[in-house]
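A.B. asks: Just dropping this structure here.
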Amino acid sequence: MAYDGIVVANTVKELNERILSGSITKIAQPEKDELLLTVKAQRKNLRLSISASASLPMVYLREETALSPATAPNFCMTLRKHLSGGRIRRIYQPGAALSEEGLERIIVFEIEHLDEMGDLSTRILLCELMGKYSNIILLKEDGTIIDSIKHVTPSVSSVREVLPGRTYFIPDTRKKENPMGRISREDFGRLLSEFPDCLQKALYGRFTGLSSVISEELCFRAGVDGDKPFSLLSQEEQDRVYQSFQELMETIRRGAFTPNILYEGDAAAEFSAVRLTSLVAGGYREEVFVSISEVLTVYYAERARNGRIRAKSEDIRHILKTLTERTAKKLELWERQYQDAEKKDKYRIYGELLNTYGYSLSGGEKELCCQNYYDEGREIRIPLDPQLCAKENAQKFFDRYQKLKRTQEALTPQIAEARQQLWHLDSIANALSIAETEADLNQIRREMSDYGFIRKPQTGKRLRKEELRSEPMHFVSSDGIDLYVGRNNYQNEEITFRLAEGNDWWFHAKNMPGSHVIAKTGNRELPDRTCLEAAALAAYYSRACGEEHKHISEKVEVDYVQKKALKRVPKAAPGYVIYHTNYSIMVEPKKEI
């Protein structure tokens, strides 16, 4: 997946069309490596997202807002000081030097603002989109670094420090050429002929901004074998490669982009800012979009959000894993002890038979052979301690029986509690797998703290405020009936016992943790189509679909019953219910209706 210089060029074109000359009204830093700028341009408030994430760096215009921390980070405060109220004067993509334009994976914003003295000054916000080396840097007009979202110290890099007071320069691009410059046919041939590898590698190895996907596309457009070195191509083939290269560069200069995503089946395989005819010819399905921001939102933004949610929930996952393993180990030990204690009646029988037949012993015997009147008079052999008399041996067996009986009595509630806790932990893990926002995570953390799995957070008031933003999922069935799906145990409790009425229908995957689904039918009958759709949602948002819902079971059994048939279990986890009469249905899990 190529977030290359051509995609960046398309992004720059879109930003120039939509936010150039706009004023920056708000600056937020929702993540440690992400900014969200609100820009007022063309009488609209637009949100510009800038991410320096090592895995998914990108710049795009987004629709939704994001929660910000209660206390703004230092870099955010610095930007507010230097950029708030500033006007975006220029947006461009540099080449090898900051002063020239090219295809580097960098976006430069020149912003005019009034300083503390009321004088007009210029600040440069620079976004480097280079994988793990991505950064967001604020510069003075002379190139001096004011601050950056990631500091690069001498211990991290001896080549380029990114620290306040240092002079900024663009990282070394391994002597690559700027393809936006006027490259003659002779220079083009010389650059590629000097490269020992195949033509496809030579193209993205010699020119900045080109990815392997674009290099493959150039070879396809030229009708040449990209696995051959450039020097082994015929003169005509070399000319065709040069012609394809120049046509692509001219497309970029004119800004004639075609933002698109290529699908292999239903899965997004590649995206680009220009047509990828090689992949279309190979059977990929192309979908063209209006803007590159829309492409990035569809292709990357959801993946980035899920990645961040997973990163923020690593502590919960670790705690859940530890608690689950510990509880499962205790349960296994207790169940083994319980099974051993089930032998207790054998020792009681030994004691009673000794009291009955012990008179026949003269002392010193190692066993007693007698009839067991508890087993139809069959012969039984009772082991004895030769140093004890019959009465003492009998008492020894009775003592052992009483001990095992007490063990069973003590283990019975402990095993039940451990099983209940395992179910509770598994239900939290399922809620974690479908969490989509930080508010969802906060609600899960509150449940874990309420039930003693983690310590209660110190910022309780803010936590509750953010939780209000986390609501159950809402769908409308094909028959127009509202369907509600709980994201976690607290929401399951809410929709089942507060939102649902007696004649509404409740759905849940059979014998496994999962979301409650409520069909708000009121006093109407439950239509068959709505029943299938609600059951499919209950199947999808359950443990049947596996961790992160990557594994989708073919068929899942779902129980459904009217809400009035449900009973709470005293002192059980939230959302835990019992029912005795229900219907069941086998359905394929579906995420949406």
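FYI, it's all coordinate maths here, none of it is from the lab. Remember, predicted model here, so these are calculated numbers, not experimental data. Heads up, the Cβs are rebuilt from the backbone with ideal geometry, glycines too, and the neighbour counts pull from every protein chain shown.
A.B. asks: Once the other residues with Cβ under 9 Å from the Cβ of Lys510 are scored (Lys, Arg +1; Asp, Glu -1), what is the net sum?
C.D. replies: The answer is -2.
A.B. asks: I would also like to ask the following. What are the semi-axes of the equivalent ellipsoid for the chain, taken as the square roots of 5 times the Cα gyration tensor eigenvalues, largest first, in whole Å?
C.D. replies: 67, 30, 27
A.B. asks: Answer rounded, prolate or oblate for the range 173-246, using the Cα gyration tensor with square roots of eigenvalues a ≥ b ≥ c: rounded when a/c is under 1.5, else prolate when a/b is larger than b/c, else oblate.
C.D. replies: In terms of gyration-tensor shape, rounded.
A.B. asks: Sorting check: for 72-80, 262-270, which peptide has the highest mean count of neighbouring beta carbons within 10 Å, and how do the rest follow?
C.D. replies: The densest-packed peptide leads the list: 72-80, 262-270.
A.B. asks: So if the hydrodynamic radius of the range 142-214 is defined as the Kirkwood radius over C-alpha pairs, what does Stokes-Einstein give as its diffusion coefficient at 10 °C and 1.306 mPa s, in µm² per second?
C.D. replies: The estimated diffusion coefficient comes to 107 µm²/s.
A.B. asks: What number does the range 471-587 give for Rg over Rh if you use C-alpha atoms and the Kirkwood radius?
C.D. replies: Rg divided by Rh gives 0.93.
A.B. asks: For each of His318, His113, count neighbouring Cβ atoms within 10 Å of the residue's Cβ, then give the residues from fewest to most.
C.D. replies: Ordered by Cβ neighbours within 10 Å, fewest first: His318, His113.
A.B. asks: Can you bin every Cα-Cα distance in the range 69-209 into 5 Å intervals starting at zero and give me the percent of pairs per bin, rounded to whole numbers?
C.D. replies: Reading the bins upward from 0: 2, 9, 16, 19, 16, 13, 10, 8, 4, 3, 1, 0.
A.B. asks: For Ser212 and Asn355, compute 0.36 nm times the residue count separating them, minus their Cα-Cα distance, and round to one decimal in nm.
C.D. replies: Taking Ser212 through Asn355 to full extension adds about 42.5 nm, to one decimal.
A.B. asks: Another question, then. Relative to the longest principal Cα axis of the chain, at what angle does helix 302-312 sit, 0 to 90 degrees, rounded to 10?
C.D. replies: Tilt of helix 302-312: around 50 degrees.
A.B. asks: Between Gln339 and Ser449, what is the label-to-label distance in nm when each label sits 7 Å out along the Cα-to-Cβ direction?
C.D. replies: Inter-label distance under the simple model: 4.1 nm.
A.B. asks: Using the structure shown, select from Lys321/Lys555; Lys312/Lys567; Lys329/Lys456; Lys13/Lys590; Lys344/Lys567; Lys330/Lys510 the pairs with a Cα to Cα distance greater than 32 angstrom.
C.D. replies: Lys312/Lys567; Lys13/Lys590; Lys344/Lys567
A.B. asks: For the pair Asn372/Arg80, report the inter-label distance in nm, with labels modelled 7 Å from Cα in the Cβ direction.
C.D. replies: 8.1
A.B. asks: For a protection proxy built on the mean count of beta-carbon atoms within 10 angstrom, sort 199-212, 2-15 highest first, please.
C.D. replies: Result, highest mean Cβ count within 10 Å first: 2-15, 199-212.
A.B. asks: Taking the chain as the reference, fit the longest principal axis to its C-alpha atoms, fit the long axis of helix 528-540 to the helix C-alpha atoms, and give the angle between the two in degrees, 0 to 90, nearest 10.
C.D. replies: 90
A.B. asks: In whole Å, how far is the Cα centre of the range 258-308 from that of the range 351-406?
C.D. replies: Computed from Cα coordinates, the inter-centre distance equals 80 Å.
A.B. asks: For Lys405, go through the aspartates and glutamates and keep the ones whose alpha-carbon is under 15 Å away, minus same-chain ones fewer than eight residues off.
C.D. replies: Glu335, Asp340, Glu342, Asp345
A.B. asks: In degrees between 0 and 90, to the nearest 10, how far off the longest principal axis of the chain does helix 74-83 point, with axes built from Cα atoms?
C.D. replies: 30
A.B. asks: Same structure again: Based on the alpha-carbon set only, what is the convex hull volume of the range 5-148 divided per residue, in Å³?
C.D. replies: Dividing the Cα hull volume of the range 5-148 by its residue count gives 111 Å³.
A.B. asks: With just the Cα atoms defining each centre, how far is the range 512-547 from the range 110-146? Give it in Å.
C.D. replies: Going from one Cα centre to the other spans 52 Å.
A.B. asks: Additional query: Tell me which of Leu279, Ala394, Asn503 sits at the most positive position along the dipole axis of the chain, charges placed on C-beta atoms (Lys, Arg +1; Asp, Glu -1).
C.D. replies: Result: Ala394.
A.B. asks: Below 17 Å, Cα to Cα, which lysines can Lys81 reach? Residues fewer than 8 away in the same chain don't count.
C.D. replies: Once the sequence-local lysines are set aside, what remains near Lys81 is Lys26, Lys140.
A.B. asks: Can you find, among Thr144, Ile107, Leu36, the residue sitting farthest towards the positive end of the charge dipole of the range 5-148, where Lys and Arg contribute +1 and Asp and Glu -1 at Cβ?
C.D. replies: Leu36
A.B. asks: Based only on other Cβ atoms within 10 Å, what is the fewest-to-most ordering of Phe188, Phe109?
C.D. replies: Ordered by Cβ neighbours within 10 Å, fewest first: Phe188, Phe109.
A.B. asks: Still on this model: Among Val517, Val159, Val298, which comes first, second and so on when ranked by fewest other beta-carbon atoms within 10 Å?
C.D. replies: Val159, Val298, Val517
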